[in-house]
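A quick write-up on the structure given underneath.
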Amino acid sequence: MEAVKKSSSAENEKYIAHQLTDYINCFQAVTHYHVLYSTDKWSAIKLKLDTGRTHQIRVHMQAIGHPLLGDSIYNTSTMNREQCTIYRAALHAWKVRLRQPFNGRKIELEVPVPEDFKKYGGFYVSSGS
């Protein structure tokens with residue numbers, strides 16, 4: 001598997017979007033991401049998926065050397081095994097936007113950050129992000 005990283009500037013000069021593209025089981029998989037906050041040990045990132053392949057986020061983040069905290073399959077780092085207090089893949093869909101397939105209405109769902117994520121800097125994403 002080869003992940004291709006592309007960078008492009010968006011409307012805001014400070015916002016850099018990255019695109020990862022690869023082929024999982026012969027199907028294209030595309031993930032866009034940018035870093036919201038970063039420390040020397042972990043980062044909070046925003047992801048937008050063009051496709052929905054099995055383990056897509058986990059595979060793409062591991063492919064660029066940034067596996068998910070708590071991911072026992074794709075993250076074998078010492079920090080993950082010995083220091084991480086998240087005991088599952090650290091994924092959280094804080095906001096989901098979609099169209100209702102029968103009537104076309106826009107649906108937006110938003111959920112607070114889980115308690116186990118708050119240890120990592122008390123990171124919070126505002127609804128304006």
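Backbone geometry of segment 89-98 corresponds, through the Karplus equation with coefficients 6.51, -1.76 and 1.60 at θ = phi - 60°, to 3J(HN,Hα) couplings of 4, 6, 10, 8, 8, 6, 9, 10, 10, 7 Hz, x marking Gly and Pro. Placing +1 on each Lys and Arg Cβ and -1 on each Asp and Glu Cβ, with no other charges, gives segment 58-120 a dipole about its Cα centre of roughly 340 debye. Between the amide H of Leu69 and those of Ala90, distances stay under 5 Å, these residues lying 5 or more places away or on another chain, with hydrogens modeled in the peptide plane.
Residues whose amide H comes within less than 5 Å of that of Ile45, counting only those at least five positions distant or on another chain, are Leu36 (H built at 1.01 Å from N in the peptide plane).
Under the Karplus relation 6.51 cos²θ - 1.76 cosθ + 1.60, θ = phi - 60°, what is the ordered set of whole-Hz ³J(HN,Hα) values for segment 30-36, x standing for Gly and Pro? Going residue by residue, I get 10, 10, 9, 8, 8, 7, 8 Hz, with x marking Gly and Pro.
We did not get these values from a lab; they are worked out from the coordinates using the rules stated. Since the model is a prediction, treat every value here as computed from it, not as a measurement. Note that each Cβ is placed from the backbone with ideal geometry, even for glycine, and that neighbours are counted across all protein chains shown.
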